[in-house]
Amino acid sequence: KESRKRDKKALFLIYQSVDEDTFEKISNATTAKEAWDKLQTCNKGVEQVKKIRLQTLRVNQLKRNGEDVDEVKVMEKILRTLNPSFDFIVTNIEENKDLKTMTIEQLMGSL
């Protein structure tokens, strides 16, 4: 009974700490663990975007320091390092867009 009470309290705290859109995704969870697992699943892509932004910052720093950086190679590397859940998007970008005319920011927007 005590663990159930703690679980409901944790679930309530999770519900209170998320925005409306996220709440809709986890509102049917019956336990705190279930809600937490759904949050982790929803935010997996966010981690990939953070990695891409970090890569972009590194490239921009290299450019500011006078390094010659080929943006196409950087974009290809970004696409290669994405996890398998992005495979469909990567294939779509590779087939339908010309990386030579894209910027890294446009690539990030496409992801």
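Assorted remarks:
- The listed residues are ASN92, ASN96, ASN60, ASN83, and the only one of them that is within 23 Å of LEU111 (Cβ to Cβ), at pLDDT below 90 and within 16 Å of the chain's Cα centre (by Cα) turns out to be ASN83.
- Remark: pairs (first residue in segment 48-66, of a type in the set (Lys, Arg); second residue surrounded by 10 or more Cβ atoms within 10 Å (Cβ to Cβ) and not in a helix (DSSP H, G or I); Cβ separation under 8 Å; 6+ apart in sequence or on different chains) = LYS63/VAL69.
- Of residues in segment 23-48 being touching a Leu at 6+ places or on another chain (Cβ under 7 Å) and assigned to a helix (DSSP H, G or I), the one modelled with the lowest pLDDT: GLN48
- Any pair with Cβ under 8 angstrom, 6 or more apart, that starts in segment 1-22 at a residue that is surrounded by 13 or more Cβ atoms within 10 Å (Cβ to Cβ) and ends at one that is assigned to a helix (DSSP H, G or I) and of a type outside the set (A, V, I, L, M): ASP7/LYS33; ILE14/TRP36; TYR15/PHE23; THR22/CYS42
The values are calculated or read from the model by the stated rules, or taken from the named source; none is laboratory data. Note that the coordinates shown come from a computational prediction; the quantities given were computed from them, not determined experimentally. Counting neighbours? That spans all protein chains shown, and the Cβs are built from the backbone with ideal geometry, glycine included.
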